């Protein structure tokens, strides 16, 4: 007894578990029904079982030790109508509100439309023109410029702007890198360009690039403006924060359909979906950066005689730039991550090709495309970083040709490569292509080798994989799924809200309870439970692997460096790429989804473990050594407790990553929320379903995020490292 | 000739932090009782500060942390809004001027050095120094040339293209000083400029500061928590505690006649001979006829001349920089400063 009184948290947890177990037991006869996903609702709909019982009947059942049905699954309620409500409201916005009649600019007939539709389509048009303009500049063509400027003569004369030969672009990338930050950056920009060209991915890569060169700057500008506004006006921040929280946990697929409804299908819709997804981190980091500027720096700006504008643009924003550059980096990464997903609503480029390759199970091609995406991300990131950190020598008075030597050299390379591109085809058609645009079927490819490798692995090891698969499914995954499904809804609430209470008192308990209530009240609770089971499994496995690898790597500086580079690369790899090898090796089932999820979700946990352990103040470690701790004691008693709040934030990221990947796992085939979200993509008028399902996923993420952040903040305060 | 207008003049300045500061001030009719204000959730940072600083003069505001010294400085620079009272710069009430006029005032008349240097991390040394000029709208060429002059003035030649993060603390503060002087301000604010530096660097920077002040002759408000620094740098010191100026006087008077118990605590351990100048212990010129051969400069620190002076029986002439006699020095006075009450021979000699 005394032991329990000394550990109040342990006692609390024990009581919660006890209540949970009793409630699980009280599910009684419902066990067989609810362990089959969706069956309960079906039976209620067909009238075979009652969805809810009256007060006295419920009381009688409870006294008999069984739960009344409304405690097992929440019966049909107003939340079930939410998707339809969202759907019709959005449709009303686009189709019925504020109707006007316009004249079609091309064909001249009148058409009925609405202001919002015209506005969103107009916006989409502008974005599309920007994308196409860059595209035609690099890949050739005059359609966009001709139609925008009204230069009909171009269409008449059939004159065309030729594509830039790839050597010219590669040379330009080299010079840009060199002028920004010397030889290292020059090579970093040059080599990927060459890789993309000779692997025959030039055209899709330039399509993707043009898409990102529009989406990324727009995201940065919107993010920066909203961030500054939120910093200046407290109300805006209060309004934005929950929106940002949801936007960052909403699965991408859930808002693709609404985007299509408002902006149509094509590159512009992909770009807008990307902007929606990429802007939130920029806003967040802008606010964070602005808040962290020391007041004295602002005072120094004021004393230098800055006007309000000057203070904002010359002192405040530039001083906060470290965080904002991190935001730009995030934007670029998010844009490329979206490059694949945007292809579902019509964006062309590497992402589209990757999905095609994936569908035809061409692992080598998909991998090469994935690498191209990573390379573009890295090059853009490093170039933008170097551009932001560029310094100017004011005192040097240089003549024109020295000051502009890089521009002049670019012009020279351009001229040379154009000459080569025009002359060589007369000599040899093959080499002419090689120096101009290498078409997809002419480039290098390692596809054949990969095919062979996979075939060999499959032939040699298939049976082992099968054994592993069967074991995992039968002995681990199916029982775990059934256990999750077997929870009566009251039991889930008891457990989750109880843990919420332990972590952050009544407030946290209500917050997580609220998130859960929304999901439980929707008609997709069973699917949500499957999502939760897959996420839980993946998170537990990822945390075990991540902690182990992180702890081992953190002991050694070289290992740390190597592992952090691996983390960076794997994080940039489009999430779809992870699906390829697992499908090849494990087939289409939950095991392969989970392996892909774990591969992806283990990254943040590993990274934060290493960072957390390496950032333990050395003086504390010295103090520990002087107290005579062994290596093991040092890890368990000093390093881990101090690093754990930081590691917890990594686990938080792992949860978010795992949720995202579980949803994408629907691409392989799952029975959870992800499958339903994927389903909405091909259905007309499924906007409401998509968004509501997305909210369910987001709320799972937000509930866990809330618990972990509350815990980590408390813990950091206690340790004095907040 | 009319009385010269002070460059800075504070008149019953109050600064109260807290949400209902204004309400409390009105309710108490301008009489500030820190206790009552604290109960209402207000903190009195500056309590009835009144003083004037003349052109070319330097005033050190000294106090421990939380004494309100930096807040007072920020009120005068109008970086924080004053709760009550008036502040005049060259006769202009700066609390009444518009934001535009304030910006003009700062662009042309004021310079400020900060404790944490407050350099812009994304700009090089040169760009940082040129910043106030560029903000004013000066051409890049002109501002860079001026900035280069300032780089030379503070002895950072060769580092002009470095970024602040590549400099040591002392070097960073040199940049801060150069930046604050770039617009040739009349008034120079220094908020604990050397507090973040190591002792040896601090000493070096103090010397540098004295050298600059010898050349530039600015009107200066200097805030510090270091009493020795205050003594070293200035002839006039204001000592603050809990928002109140406990004593504002010449160094000599503060050391010799501390006004309050609090000030006495600071002065008790001060080696007077290292602080006081001859003029602090001289007597007015009387009808002395039997002069000693020795003539003593009025501005000499006592310690530096003590050895020569102490054995002299006859009264010595004290002269100013122009060799004009301004007072008489008796050796006994010096002895008193050197040995204080402990000197058993003081009255028998």
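The values are calculated or read from the model by the stated rules, or taken from the named source; none is laboratory data. For clarity, every value in this text was computed on a predicted model and none was experimentally measured. Neighbour counts are summed over all protein chains in view; Cβ atoms, including those assigned to glycine, are modelled from backbone coordinates with ideal geometry.
Restricting attention to the range B:11-25, the residues being free of Cβ contacts under 8 Å to residues at least 60 places away in the same chain and at negative phi number 6. On inspection, residue A:34 fails the criterion of being surrounded by 13 or more Cβ atoms within 10 Å (Cβ to Cβ) and farther than 22 Å from residue A:517 by Cβ. I'd like the residue in the range B:179-203 that is within 17 Å of the chain's Cα centre (by Cα) and assigned to a helix (DSSP H, G or I) and, out of all such residues, is surrounded by the fewest Cβ atoms within 10 Å (Cβ to Cβ). If we take residues in the range B:179-203 being within 17 Å of the chain's Cα centre (by Cα) and assigned to a helix (DSSP H, G or I), then B:203 is surrounded by the fewest Cβ atoms within 10 Å (Cβ to Cβ). Of the residues making up the range B:31-65, those that are without any contact (Cβ under 8 Å) to a residue 40 or more places away in the chain and under 17 Å from residue B:241 (Cβ atoms) number 6.
Restricting attention to the range B:116-140 and to residues that are at the interface with chain A (Cβ under 7 Å from one of its Cβ atoms) and either under 25 Å from residue B:223 (Cβ atoms) or modelled with pLDDT of 90 or more (or both), the residue that is surrounded by the most Cβ atoms within 10 Å (Cβ to Cβ) turns out to be B:132. Of B:103, B:8, B:94, all but one fail to be within 14 Å of chain A (Cβ to nearest Cβ), surrounded by 14 or more Cβ atoms within 10 Å (Cβ to Cβ) and within 22 Å of the chain's Cα centre (by Cα); the exception is B:94.
Taking the range B:158-185 on its own, how many of its residues are touching a helix residue (DSSP H, G or I) at 6+ places or on another chain (Cβ under 8 Å), over 17 Å from residue A:300 (Cβ atoms) and within 12 Å of chain A (Cβ to nearest Cβ)? The qualifying residues number 3. The sole residue among A:91, A:59 that is part of a helix (DSSP H, G or I) and surrounded by 13 or more Cβ atoms within 10 Å (Cβ to Cβ) is A:91. Highlighted here are the helices (runs of 4 or more DSSP H) found entirely within the range B:89-178 that include at least 3 residues which are within 30 Å of residue B:200 (Cα to Cα): B:125-136, B:140-153. Among the residues of the range A:312-328 satisfying the criterion of being touching a residue at least 12 places away in the same chain (Cβ under 8 Å) and at the interface with chain B (Cβ under 9 Å from one of its Cβ atoms), which is surrounded by the fewest Cβ atoms within 10 Å (Cβ to Cβ)? Step by step, filter the range A:312-328, then rank; the result is A:322.
Right, residue B:194: in contact (Cβ under 8 Å) with a residue 24 or more places away in the chain, assigned by TED's automatic domain parsing to the domain that holds residue B:126 and over 23 Å from residue B:123 (Cβ atoms) or not? Against the criterion (in contact (Cβ under 8 Å) with a residue 24 or more places away in the chain, assigned by TED's automatic domain parsing to the domain that holds residue B:126 and over 23 Å from residue B:123 (Cβ atoms)), residue B:194 does not qualify. Answer yes if at least one residue in the range B:157-173 is surrounded by 22 or more Cβ atoms within 10 Å (Cβ to Cβ), within 30 Å of residue B:5 (Cα to Cα) and under 26 Å from the mean Cα position of the chain (by Cα), and no otherwise. So far as the range B:157-173 goes, no, none of its residues is surrounded by 22 or more Cβ atoms within 10 Å (Cβ to Cβ), within 30 Å of residue B:5 (Cα to Cα) and under 26 Å from the mean Cα position of the chain (by Cα).
Return the total of residues in the range A:184-193 being more than 13 Å from residue A:371 (Cα to Cα) and without any contact (Cβ under 8 Å) to a residue 60 or more places away in the chain.
Residues meeting the conditions: 4.
Residues in the range A:411-457 that are in a helix (DSSP H, G or I), in contact (Cβ under 8 Å) with a residue 60 or more places away in the chain and exposed (fewer than 14 other Cβ atoms within 10 Å of the Cβ): A:441, A:442, A:448, A:449.
For the range A:12-27, how many residues are surrounded by 14 or more Cβ atoms within 10 Å (Cβ to Cβ) and more than 21 Å from residue A:531 (Cβ to Cβ)? Spell out how you get there, then give the answer.
Kept after step one, since they are surrounded by 14 or more Cβ atoms within 10 Å (Cβ to Cβ), are these residues of the range A:12-27: A:12-13, A:16, A:19-20, A:23-27.
From what's left, more than 21 Å from residue A:531 (Cβ to Cβ): A:12-13, A:16, A:19, A:23, A:25-26.
The total comes to 7.
Within the range A:275-299, the set of residues being assigned to a helix (DSSP H, G or I), within 14 Å of chain B (Cβ to nearest Cβ) and out of contact with any helix residue (DSSP H, G or I) (no Cβ under 6 Å at 6 or more places or on another chain) comprises A:292, A:295, A:296, A:298, A:299.
Every residue, every condition in (1) assigned to a helix (DSSP H, G or I); (2) touching a residue at least 24 places away in the same chain (Cβ under 8 Å); (3) surrounded by fewer than 21 Cβ atoms within 10 Å (Cβ to Cβ), yes or no:
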{"position": "B:206", "(1), (2), (3)": "yes, yes, yes"}
{"position": "B:213", "(1), (2), (3)": "yes, yes, yes"}
{"position": "B:222", "(1), (2), (3)": "no, yes, no"}
{"position": "B:240", "(1), (2), (3)": "no, yes, no"}
{"position": "B:249", "(1), (2), (3)": "no, no, yes"}
{"position": "B:255", "(1), (2), (3)": "yes, yes, no"}
{"position": "B:262", "(1), (2), (3)": "yes, no, yes"}
{"position": "B:266", "(1), (2), (3)": "yes, yes, no"}
{"position": "B:270", "(1), (2), (3)": "no, yes, yes"}
